[in-house]
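I have placed the structure first, in the form of structure tokens, so that the comments after it can refer back to it.
The values are calculated or read from the model by the stated rules, or taken from the named source; none is laboratory data. Note that the structure is a prediction, hence the values are computed from the model and not measured. Here the Cβ positions follow ideal geometry from the backbone for every residue, glycine too, while neighbour counts run over all protein chains shown.
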């Protein structure tokens, strides 16, 4: 069985936490964008500066953006669930060396794709995936007599 080194493990845990936070924030943003038109005072405040046509156009675009963010949230949520299944099992040593190498490759590829949306998580997954795929071992130098 494969044992994940401490450095990629810590980096992966941080990446999972940040990915989870991103999904929650995106979900909140989507809900906000889709419900803002129903908030008390929003229409009166906006209509004071916009014509009826401009107001309707703005609401149309806010709905479109809200649904777009919702779709992105669902896609990222699916990948978060997949990552929450794969990565903790990798950390616990439940995969063979060959299976672990494939998961590291997936992690590096997902990190590269994630650079478009969440740069910090993408970089963390890239580092962890490449280190694990290349078989880099944590080396701790300890001097005798300390």
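At a glance:
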{"item": "Any chance residue 68 is assigned to a helix (DSSP H, G or I) and either in contact with a strand residue (DSSP E or B) (Cβ under 6 Å, 6 or more places away or on another chain) or surrounded by 13 or more Cβ atoms within 10 Å (Cβ to Cβ) (or both)", "result": "no"}
{"item": "Residue satisfying condition, being within 15 Å of the chain's Cα centre (by Cα), surrounded by 13 or more Cβ atoms within 10 Å (Cβ to Cβ) and either modelled with pLDDT of 90 or more or not in a helix (DSSP H, G or I) (or both), within set 86, 124", "result": "86"}
{"item": "Near pairs, Cβ below 7 angstrom, 6+ apart or cross-chain, from segment 1-24 (in a helix (DSSP H, G or I)) to any residue that is loosely packed, with under 15 Cβ neighbours inside 10 Å and modelled with pLDDT of 90 or more", "result": "16/84"}
{"item": "Inter-residue pairs, beta-carbon under 7 Å, first on the phi < 0 side of the Ramachandran plot and in segment 49-72, second part of a helix (DSSP H, G or I) and loosely packed, with under 14 Cβ neighbours inside 10 Å, 6+ apart", "result": "50/58; 55/47"}
{"item": "Conditions (1) touching a helix residue (DSSP H, G or I) at 6+ places or on another chain (Cβ under 7 Å); (2) farther than 21 Å from residue 124 by Cα; number of the one not met by residue 60", "result": "(1)"}
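Residue-wise test of (1) under 14 Å from residue 74 (Cβ atoms); (2) surrounded by fewer than 19 Cβ atoms within 10 Å (Cβ to Cβ).
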{"residue": "1", "(1), (2)": "no, yes"}
{"residue": "4", "(1), (2)": "no, no"}
{"residue": "7", "(1), (2)": "no, yes"}
{"residue": "12", "(1), (2)": "no, no"}
{"residue": "17", "(1), (2)": "no, yes"}
{"residue": "25", "(1), (2)": "no, yes"}
{"residue": "29", "(1), (2)": "yes, yes"}
{"residue": "32", "(1), (2)": "no, yes"}
{"residue": "35", "(1), (2)": "no, yes"}
